[in-house]
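Worksheet: the structure to be examined is printed underneath.
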Amino acid sequence: LVLACGHAFHRDCLIALFLSTQKCPNCRMPPTQEFLLAHNVDLSVASILYWLQSESSMIKKEAATALGAADKTREQTVTAVNALAKVLAGASKDSDAEVRRLAAAALGRIGKVSMHASAAVVEALSGAMASDLDAEVRTEAARSLKDISQVNWCPAAVEALTRALADVSDKPVATIASDALSYIITVAKRGERAVEAFAEVLARDSVSMGPKARGRVVSTFPWALDRVIVDMWPQAAQVAAKALASVLGGDPSAEVRDRAVDALHRLVTRRKRNRAPKPVALAVLALAKALSLKAWKMQHVRSRAAKVLFDISDIKLSARVHKKAVAALAGALGGGSMDSSEKVRKFAAKALGKIRRKRKQDSSIQLFVVRALASALEGDSRDKRRVVRSSAAKGLGSLSHNSLSEEAAETALNALAKALTGDSKDPANKVRRNAARSFQALRDAWGSTAKKAVTAVTLLCGVLAGGSKDRNAQVRLAAAEALGSFSKTLWLSFPEAAQ
């Protein structure tokens, strides 16, 4: 074909060029209107649709791209969507993967700006994302669905993306689906529905889709929950907590359960400042139940669950939830269900000392906690691991945030005293140092009567000097600080202890 400027080009090359830019490649001179009409390249929708049926792959690529960008009326939009959908699927499915990829991109552009054919666009893209043989076409279809869902709310797009998220065979598509759904949850107004879609996938396909796919679905929760879901949609947070608790309680894969622990941790830390307590209660109960997973491969899950319970121990729990959490932690620390993992017992000891409830703590539960920690620190069930005994000593000191009953205070002080001096003196410096520091933290308990004050002060003085003088300087320093914390008022109240 020869242009008005005198330059000649191959027909297919020139038509493909004029579908994107209407200038001579050599001199940049625009062609005449007569030339454009004669060769049907005037960039009207009818012209572009005509060239979309061309035998030339090069022309079809440019036509598909131009169709997504062209200005269209409502009727032309529907026609364009139908034509592009035929390119993507059906009897006229194009053999050139690049043409199909460009058609998917064009449908994405149309879907973002037009609501007239959104259902048809989503249907075409969903089909391509699920069944196209070319990975790049599937990825482009997923990317287009993501763009559409971020601009226009479309339940069908959410369902399609959720199904893609559960497809273990296609990681790039699943990654895009995860990004899209996380955006919907955190930014769009219909985040609650997206959370429900996650939960439905986990409940419906938890067995069939395999551990990698379940792990991918669960991994999307922490990202989404890390932002605004728990503040904006209490009901969605509750749905998420139930779904994650179900995964943590019954999934056969340790890795998937580990990711569920992460997600529950995010949910609780975000939710704890909010008044609605249900998601927090569900999460804490699920984490407590996870401590009873006895399989060896679940050891990491148990240690993570214990650590999370320690991290969130400043949250005040209801009486029912607090009781179950305490029972699980105490069981992991010692007794018949003592956990085989040192890490689990360590975090269980720390969490037991700090875990709180909304109202004043029941004296029987208080005593139960003190006995569990004391048992790990001393006596017949003394823990063989130094780090666990050290955590138990520290946990007893953490109980100072509660007003201990007489019996609980007596039990705690006796356990700490045995660890510091006498025949049962702990061999580990760190344990004795933490015991001395816990003595200081519990000074209100040992300063409650003259007898207790004299006994405690005598013990600490023995650690500093005399027959039971401790060999470790850090332990003696902790004892000196404990004595120093005995306030001036108490010195006046108990002159014998002062002496």
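Amide H contacts for Met29 (H built 1.01 Å from N in the peptide plane; partners 5 or more residues away or on another chain; cut-off under 5 Å): Cys24.
Amide H contacts under 5 Å for Arg357: Leu317, restricted to partners 5 or more places along the chain or on a different chain, H placed in the peptide plane at 1.01 Å from N. Over what distance in Å are the Cα centres of segment 469-499 and segment 100-133 separated? Between the Cα centres of segment 469-499 and segment 100-133 lies a distance of 76 Å. Coupling constants for segment 455-464 follow from the phi torsions by the Karplus curve (6.51 cos²θ - 1.76 cosθ + 1.60, θ = phi - 60°), and in residue order they are 4, 5, 5, 4, 4, 5, 5, x, 5, 6 Hz; glycine and proline get x. Rg/Rh, computed from the Cα trace of segment 310-440 with Rh as the Kirkwood radius, has the value 0.94. Here the Kirkwood formula puts the hydrodynamic radius of segment 398-461 at 11.9 Å, using every distinct Cα pair.
Where a number appears in this text, it was derived from the coordinates with a stated rule and is not lab data. Keep in mind it's a predicted model, so treat the numbers as computed, not measured.
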